[in-house]
Amino acid sequence: MTHTPVLMPEPEGTLLGKSTVYSSSYDPALLQPIPRALGRNAVGKSDFRGTDVWGLYEVTWLNEHGMPQVAVGELLVPATTPCIVESKSLKLYVGSFTQTRFSSIEAVAETMSKDISAAAGGPCVMTLRDLADWEGAVERMPGLLLEAEILDLAPVDYEVNPTLLEVVEGEVAEETLSSNLLRSLCPVTGQPDHASLTIRYKGPKIAHRSLLAYIVSYREHRGFHEQCVEQIYTDLSRLADFEFLEVYACFTRRGGIDISPFRSSRDDHPAHVIRAQRQ
């Protein structure tokens, strides 16, 4: 079995892996865009829709009297934007609000939406919630958990291998499958990124064992979260002619921020935003 791993070029000039100064004064110049084309050119296909759902848990600023305020943020970045915002730069940007005075939580959200939209190159929406009004419930990934069904898998590859994927001859299905075993590496620092993944589809039945082996094959893959999800979606779409396909990965938190990229054949946004157990 031979295959060619999909390797995206390493982005240049990022703050990842470098010592940085944490500014506490508002500075939109801290936001660093990275072209989505870096990952998509490597994948070679991008006929999908979707949104990157960011969770921000360390948002703080001062009110007009100098009293600290705190909130939880949900940032929606459409997959149609030409750029993603590099996660460390987003953390530094959010941190720059710490000692800056704003008249209201709405003013902070409006400022963040405007700045991040400018960096990403398209309309992004930040919603801030006061902790007193935020439920923050976590949940398990929906559907059948593959590793609970398949206990005797012997992985054959730890670098992305789409040739592992198979369909069950002559069978069709409409099902939701999930796994907590997705792991990839930051393309710059090599740090591990862990995620829970759910896949919904209707069409030729995906062989469950083959799908779990494929998910495990990301274990040593270097790619940003968004690129990994787009690669999974693309490899599955090449496997068969599905009537509907959706891939949604909830990556674990780093630096007070997590990201859940969602890609779909028909929907721009997940019907339900999941906050997974490890987020």
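The set of residues in the range 158-203 being at pLDDT 95 or above and charged (D, E, K, R) consists of Glu166, Glu169, Glu171, Glu174, Glu175, Arg183, Asp193, Arg200, Lys202.
If you check Glu166, Glu159, Glu149, Glu139 for being touching a residue at least 12 places away in the same chain (Cβ under 8 Å), outside the structural domain of Ala195 (by the TED database) and more than 30 Å from Ala29 (Cα to Cα), only one passes: Glu139. Within the range 106-136, the set of residues being under 19 Å from the mean Cα position of the chain (by Cα) and surrounded by fewer than 13 Cβ atoms within 10 Å (Cβ to Cβ) comprises Gly136 only. When Ser96, Ser113 are checked against the criterion of being free of Cβ contacts under 8 Å to residues at least 24 places away in the same chain and polar (S, T, N, Q), a single residue qualifies: Ser113. Scanning the range 214-232 for residues that are among the aromatic types (Phe, Trp, Tyr) and open to solvent by less than 10 Å² (accessible area, probe 1.4 Å) turns up Tyr214, Tyr218. Considering (1) open to solvent by 30 Å² or more (accessible area, probe 1.4 Å); (2) at pLDDT 80 or above, the lone condition that Ile34 does not fulfil carries the number (1). The condition (being closer than 25 Å to Gln279 by Cβ and not assigned by the TED database to the domain that holds Cys186) is satisfied by just one residue among Arg49, Arg40: Arg49.
Taking the range 54-71, which residues are among the aliphatic types (A, V, I, L, M), out of contact with any Leu (no Cβ under 6 Å at 6 or more places or on another chain) and surrounded by 19 or more Cβ atoms within 10 Å (Cβ to Cβ)? Correct list: Leu56, Val59. When Thr189, Thr198 are checked against the criterion of being in contact with a Pro (Cβ under 8 Å, 6 or more places away or on another chain) and either at negative phi or without any contact (Cβ under 8 Å) to a residue 40 or more places away in the chain (or both), Thr198 stands alone in meeting it. Does Asp193 count as farther than 30 Å from Cys83 by Cα and either in contact with a Ser or Thr (Cβ under 8 Å, 6 or more places away or on another chain) or crowded, with 23+ Cβ neighbours inside 10 Å (or both)? Judged against the criteria, Asp193 is not a match.
The values are calculated or read from the model by the stated rules, or taken from the named source; none is laboratory data. The structure displayed is predicted, hence computed values, not measured ones. Note: ideal-geometry Cβ built from the backbone for every residue, glycine included; neighbour counts use all protein chains shown. What goes into the accessible areas is simple: the full protein's heavy atoms, side chains included, and nothing from ligands, DNA or RNA. Shrake-Rupley method; radii C 1.70, N 1.55, O 1.52, S 1.80 Å.
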